[in-house]
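Written out below as structure tokens is the structure these notes cover.
The values are calculated or read from the model by the stated rules, or taken from the named source; none is laboratory data. The model shown is predicted, which means the values in this text are computed figures rather than measured ones. With ideal geometry, Cβ positions are generated from the backbone for all residues, glycine too; neighbour counts draw on all protein chains shown. The accessibility values were calculated without ligands, DNA or RNA, using every heavy atom of the protein model including side chains. Shrake-Rupley method; radii C 1.70, N 1.55, O 1.52, S 1.80 Å.
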Amino acid sequence: MRVVSHLILGLVLSFLFSCSVAAQQTDWEKFLESEKETAESSELLEKLEQLREHPLDVNRANLKMLLTIPGMRPTVARNIVALRRKHKLVNLEEIPQNITLTPDEWRWLRQFLVIRVPPPRTRQFSLKFRSRVFQRLEKARGFQRAYYQGSPVKLYHRLQVVYPPLKGSLVLEKDSGEKNWNDLTVFYLENSFWQDRLRFIFGHYHLGFGQGLVFWTPYAFAKGGEPIFPTKKVELPVEGNRSTSETELLRGAVAYYHSSKFSLLAFYSDSRWDATLTNGKAQTIAKTGLHRTATEMAKRDQLREKLYGGHVTKQFKEKLCIGLSFYQSYFQPELMHSSKPADYFRFWGSRNQVGGMNIDYLFTRGMIFGEIAACHHGGKAGLMGAIFDYHAVQLSTLFRYYGREFQNLHAHGFGESDDTCNEIGHYFGLRYRPSRKSQFWLYFDQFRQPWCTATKPMPSSGYEWLFQWQQKFFRGFSIIFRVREKTKEHTETVTLDQIQRTPQIPFSRRTYRGQWEMRVSPRLRLRGRVEWIVVAPRREGAFDQFVHREKGILLFQDCYWQPISSLTLRARWTLFDTDSYNSRLYQFESDLYGVMSNKALYGKGSRWYTVVRWKWTKLSAISLKYATTYFVNRQTIGSGYEQIDSNTDHWISVQLDAGW
């Protein structure tokens, strides 16, 4: 590619003038990074924020609660419990002094832990408000031709109130193109008793049991940069919903009681889904959550779901935990049965029942976990996994079987596809630390879909693997080298000997990444990355003349500067050059506080953004982000209603945080 030399030159020049994001931001990336583009996805980041805003008291949290912290190793959690049994902890630094932890590991875990003094007798009132505005400066075709009924501004408002033991939240959101400023309204009110052992939630809420085969939120940590943690879901049975996800919303009431040996949860929900109706039946469920055009508005809230159920767990001496889950749902109108082969086993009808059992067993050097589930139509699903921790070496393995007949709209188990059905796979992960300054990551996942899907008319299979090496050479400077490959079968329509055929050809996406990070000073950090991708058919065959090998390259340089304690400046300059969308490359971006976006870049061009945050009090701040993407040799960007007639795309967003 002719611009490679210019890209390399740009990287060298940017090294001289810029610096990188904070270490905490890069820690989050290893849990959130994936190969799925999200525009302003904040649901998973929201979970991390909730844990950080409400850290666990190390003198009170039991073993199960400690394991809800992302990245908490089973042996570390057990050692914390054993340490506090000897004496009450008075300083968090006692943990790394008595338990084997790397500096990076302790820096990550420390933000989720706290030592609380006896609570004050008077109740402390707190209020937090967040308002966010997004605006694309170019007008998309949907606005120019009046297909979109609303303004191009995207709005987000959130109010949180805490007056122990009461707390609540109200979220209002409007997507770009939607007419009503409160197109999405999410709220909840929670009351707790007996030191939070008994909780009642009214309004919108999230449920998460076991390993996600019966119930889980639509968002979960997936395969990415972390090889061990994503295999075992962090169970948070119920939480008030303050996210902007418009799919699988639960609205009703929940009662939850838990103790050190027993927990019981009962829930009821009456919510609605967007759906397309045909002859009085729901033909398809729309999960975009967008209500911009007349067609999208016609789908709004057309499907009603009532459900109720429960979850019970029993703890045996902090080693063995067994849980039982069940729910029954009713749909009105009923979902239509499809005659298409890909949708033949999709859920249909007006009633569904799902039940399951999950198990967690902790031993000295790790844990074993698993779950089995079955649905009303006889479909079954199950998984079994284990994590082994030997300090310098951690291993994880997981086998999953999701039958093609398993029908559960609320399941989100670990796997290759978003639907927890029609998949069989085995995963293996390894993390090895030969020294405090060096570590290796590796995972391998093999998967198979025994039935056809919407994009593959025949059964298919594939695999994915990742190898990463991280090395620290001196204080504040480290490098990362990563190789990642995913091979999946893709359907291609070709004409051979005047006959149209649709063969399934295994394609491989292999990326090579080199990254460096340097801490120049406490207020100045540097980080740069070079990533190369090769997309090619995995084996030779009769259809080689119809498929092409593609390449792409991406380089970026981050900038992080904190001139004073209340002001933070972040910036990134990215150069990219890929042959097409098939060779796209992803980059996680710093964004407004509480937002992380995973941007897919393809074609030839550059992108830069700047984020400024001024924090004038402990709970109050204002943030601004300005981003520009420039494409070479293109006159339009996007497609359909989202197409703009320009080769440059500008975005601006502002956020206000206030608290008392």
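Worth pointing out:
- Subset tally (residues that are at pLDDT below 85, small (Gly, Ala, Ser) and surrounded by 15 or more Cβ atoms within 10 Å (Cβ to Cβ)) for the stretch 502-525: 0
- Of the criteria (1) at negative phi; (2) surrounded by fewer than 18 Cβ atoms within 10 Å (Cβ to Cβ), which one Phe414 fails: (2)
- Selection of the stretch 132-159 for residues being over 26 Å from Ala298 (Cα atoms) and open to solvent by less than 20 Å² (accessible area, probe 1.4 Å) yields Arg132, Arg158.
- Phe262, sole failed condition from (1) surrounded by fewer than 19 Cβ atoms within 10 Å (Cβ to Cβ); (2) in contact with a Pro (Cβ under 7 Å, 6 or more places away or on another chain): (2)
- The stretch 334-359: number of residues that are in a strand (DSSP E or B) and either in contact (Cβ under 8 Å) with a residue 60 or more places away in the chain or among the aliphatic types (A, V, I, L, M) (or both): 7
- If the condition is being touching a residue at least 12 places away in the same chain (Cβ under 8 Å) and among the charged types (D, E, K, R), then the stretch 405-418 contributes Glu405, Glu416.
- Some residue of the stretch 464-481 being within 18 Å of Ile533 (Cα to Cα), in contact (Cβ under 8 Å) with a residue 40 or more places away in the chain, open to solvent by less than 60 Å² (accessible area, probe 1.4 Å) and in contact with a Leu (Cβ under 9 Å, 6 or more places away or on another chain): yes
- Gln587 vs. criteria touching a strand residue (DSSP E or B) at 6+ places or on another chain (Cβ under 8 Å), open to solvent by 20 Å² or more (accessible area, probe 1.4 Å), in contact (Cβ under 8 Å) with a residue 12 or more places away in the chain and not charged (D, E, K, R): no
- Only one of Thr610, Thr578 that is among the polar types (S, T, N, Q), more than 17 Å from Lys625 (Cα to Cα) and either out of contact with any Lys or Arg (no Cβ under 7 Å at 6 or more places or on another chain) or in contact (Cβ under 8 Å) with a residue 40 or more places away in the chain (or both): Thr578
- Checking Asn62 against (1) at pLDDT 85 or above; (2) surrounded by fewer than 17 Cβ atoms within 10 Å (Cβ to Cβ), the condition it does not meet: (1)
- Test result for Lys167, within 21 Å of Ser653 (Cβ to Cβ) and open to solvent by 20 Å² or more (accessible area, probe 1.4 Å): no
- Residues (among the hydroxyl-bearing types (Ser, Thr, Tyr) and surrounded by 20 or more Cβ atoms within 10 Å (Cβ to Cβ)) located in the stretch 246-259: Tyr256
- Set Leu430, Leu409: member being out of contact with any Leu (no Cβ under 9 Å at 6 or more places or on another chain) and of a type outside the set (Gly, Ala, Ser): Leu409
- Exclusive hit being farther than 30 Å from Lys47 by Cβ and in contact (Cβ under 8 Å) with a residue 60 or more places away in the chain, set Gln655, Gln643, Gln635: Gln643
- In summary, strands (runs of 3 or more DSSP E) completely within the stretch 582-660 and bearing 2 or more residues that are more than 26 Å from the chain's Cα centre (by Cα) occur at 604-615, 621-631, 648-659.
- Per-region count, the stretch 98-131, residues touching a strand residue (DSSP E or B) at 6+ places or on another chain (Cβ under 8 Å) and modelled with pLDDT of 85 or more: 11
- Residues of the stretch 184-216 satisfying the condition of being in contact with a His (Cβ under 6 Å, 6 or more places away or on another chain), open to solvent by less than 10 Å² (accessible area, probe 1.4 Å) and either without any contact (Cβ under 8 Å) to a residue 24 or more places away in the chain or not β-branched (Val, Ile, Thr) (or both): Phe209, Gly212, Phe215
- Counted residues, the stretch 607-660 - those being over 23 Å from Tyr156 (Cβ atoms) and of a type in the set (A, V, I, L, M): 2
- For the stretch 49-59, the tally of residues that are open to solvent by 10 Å² or more (accessible area, probe 1.4 Å) and not in a helix (DSSP H, G or I) stands at 5.
- Here Gly224 fits the description: surrounded by fewer than 22 Cβ atoms within 10 Å (Cβ to Cβ) and under 18 Å from the mean Cα position of the chain (by Cα).
- Matching strands (runs of 3 or more DSSP E) fully within the stretch 398-501 where at least 3 residues are within 25 Å of the chain's Cα centre (by Cα), at pLDDT 85 or above and not aliphatic (A, V, I, L, M): 423-435, 438-449, 460-474, 477-491
- Consider the stretch 526-541 and keep the residues that are under 18 Å from Arg484 (Cα atoms) and open to solvent by less than 20 Å² (accessible area, probe 1.4 Å). The one that is farthest from the chain's Cα centre (by Cα) is Ala536.
- Restricting attention to the stretch 591-606 and to residues that are open to solvent by less than 20 Å² (accessible area, probe 1.4 Å) and under 21 Å from Thr648 (Cβ atoms), the residue that is modelled with the highest pLDDT turns out to be Gly605.
- The stretch 290-322, subset at pLDDT below 95 and of a type in the set (Gly, Ala, Ser), residue surrounded by the fewest Cβ atoms within 10 Å (Cβ to Cβ): Ala294
- Qualifying residue in the stretch 432-450 (condition: among the acidic types (Asp, Glu) and either open to solvent by 30 Å² or more (accessible area, probe 1.4 Å) or in contact (Cβ under 8 Å) with a residue 60 or more places away in the chain (or both)): yes
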